[in-house]
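What follows is a single structure, written as structure tokens, with notes after it.
The values are calculated or read from the model by the stated rules, or taken from the named source; none is laboratory data. The structure presented is a predicted model; accordingly, all values stated were derived computationally and were not measured. In case anyone asks, the SASA skips ligands and DNA or RNA and just uses the protein heavy atoms, side chains included. Shrake-Rupley method; radii C 1.70, N 1.55, O 1.52, S 1.80 Å.
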Amino acid sequence: MKILILGGDGYLGWPTAMYLSKKGHAVTVLDNFVKKKIENEQNIRPLFPQVPLRERVNLWNKNINNPIKFIMGDMLNHRLLYDTLGEIKPDSIIHYAEQPSAPYSMRGRESCYFTQYNNVMGTINLLFAMKKHCPEAHLIKLGTMGEYGTPNIDIEEGWLNIEHKGRKDRVMYPKKPGSFYHLSKVHDSNNIEFACRIWGFKCTDLNQGVVYGVDTNETKLDEKFSTSFHYDEVFGTVINRFICQSVIGRDLTVYGNGSQTRGYLNIIDTIKCIEIAANNPAKKSEFRVFNQYTEVLSINGIAKKVIKASSLNGIKINHTNIKNPRVEEEDHYYKPSNTSLISLGLNPIKINDDVLTEMIKKVLKHKDRILINTVMPNIKWQK
Ligand code: USQ
């Protein structure tokens, strides 16, 4: 397949590009490096040293007989998107190219505005470029489980059958997201569903849970292929943060009472899910939603697992309940469904001592690069 990966420099985009290139697909990656700009602005950096994407791609291409193509560009530049799609005419477009941090979107007006403008308008540009140059392409869009929030009813995969005053319909599942970032993905979902309805697009919206993990088979091939792994409050997801906190001997920062429950998945499973979606495209006019997570856990449950794995590796830590900087329900009902990807063949990796030990060992090697002042949260949902 000809595959275009938007956001090919990120935590998930880069490992996806290597994996799909190794599988023989013709991969092009596009990125505008806005995450690097935010890193500089926030005085944060990925834990593993990063080789610039162009250099990484060149190194990859030297070792494999199926080169990745790299384009530096911004999805807010619609001309660039039109030209790129017109030239490549991709079969599949994997869209990761969004500002992914909930806390960043809650910093204030500018960060919120940037998040929503970048994410929503970038996607609008993509939809119009697809309409002009490749309306038959399969759009695989990274959504988020956070679009649903924590409703007091079971969470279905994107759609809900309802009966109201004796009549029945199938509607998009009601959304109650918890940050301006998560809201940007809700707006995207609505825009894309509309494009499927009026232009006959094929789309899979992957409502992904919280991703964790340090490596994939491809990042392990060379240190220079490391992915952009964060542990700070801006881009670090909770398990990645807890592992880094443990390695520097700090108590784990459980926000609030720690009963908050979410869906989680390993970075290797993210890539498998993308491959499964690409190999089984949505049909014409179909806006298909998969809930992409493999395990449901509370923060307390995660803290317990990390504390145990740390102790097996000779690290004695505990957890500490800090005042929740977010506005989120702590004790809540949470029962999402995730049968679609499993029924298409996903064989999930589970969080266990071995998986966490592998993370601890890799992070230990880079322990000295951890910026201690970026560990505690500073961004508050309510000031
Ligand atoms: N949390 C802690 N301690 C910490 C950090 C987080 O208790 O030190 C808690 C948060 O309060 C929250 C949960 O962990 O209840 C998850 O937080 P997170 O920062 O790991 O994840 P989140 O902000 O929800 O966002 C991440 C990614 C985002 C993706 C989302 C999937 O950054 O791009 O969309 O996970 S989901 O959460 O399913 O919406």
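With the convex hull drawn around the C-alpha atoms of segment 205-364, the volume per residue stands at 133 Å³. Entry for segment 1-153 at q = 0.09, 0.15, 0.21 Å⁻¹: log10 I(q)/I(0) = -0.31, -0.83, -1.40, Debye formula applied to identical alpha-carbon scatterers, no solvent contribution. Rolling a 1.4 Å probe over the heavy atoms of the protein chains gives segment 66-125 an accessible area of 43 Å² per residue. Straight Cα distances below 22 angstrom link Lys2 to the lysines Lys22, Lys23, Lys62, Lys69, Lys89, Lys131, Lys132, Lys141, Lys202, Lys272, Lys283, Lys284, with same-chain residues fewer than 8 positions distant left out.
For the chain, the membrane-span-like helix rule (DSSP H, alpha carbon extent of at least 27 Å along the helix axis, mean Kyte-Doolittle at least -0.5) picks out 180-199; this says nothing about an actual membrane. Could you tell me which of rounded, prolate or oblate describes segment 146-240, using a ≥ b ≥ c as the square roots of the eigenvalues of the alpha-carbon gyration tensor, with rounded for a/c under 1.5 and, failing that, prolate when a/b is larger than b/c and oblate otherwise? The shape class here is prolate.
Here is the P(r) of segment 184-258: all C-alpha pair distances, binned every 10 Å from 0, give 15, 29, 26, 22, 7, 1 in whole percents. Listed by chain and number, the lysines placed with their C-alpha closer than 19 angstrom to that of Lys36 are Lys224; residues fewer than eight positions away on the same chain are left out.
Restricting the calculation to Cα atoms, segment 276-337 yields a radius of gyration followed by a Dmax of 18.5, 54 Å.
Derived from the Cα gyration tensor, the three semi-axes of the equivalent ellipsoid of the chain are 31, 26, 20 Å, largest first. Adding -39500 (n - 2.57) for every DSSP H run of four residues or longer, then dividing by how many residues the chain holds, sets the calculated 222 nm ellipticity at -11000 deg cm²/dmol.
Accessible surface for segment 185-235, divided over its residues, is 30 Å² per residue with a 1.4 Å probe.
Considering all C-alpha pairs of segment 258-309, those separated by over 19 Å amount to 45%.
Based on the reciprocal of the average 1/r between different C-alpha atoms, the Kirkwood radius for segment 138-196 equals 12.5 Å. Defining a contact as two alpha carbons under 8 Å apart and six or more residues distant in sequence, what relative contact order in percent does the chain show? Reported as a whole number, the value is 19 percent. The relative contact order of segment 260-301 comes to 74 percent, based on Cα pairs under 8 Å that sit 6 or more residues apart.
Of all alpha-carbon pairs in segment 274-383, indicate the percentage at a distance above 19 angstrom. Percentage above 19 Å: 66.
Within the accessible area of the chain, the carbon and sulfur atoms contribute 51%, probe 1.4 Å, all protein chains present.
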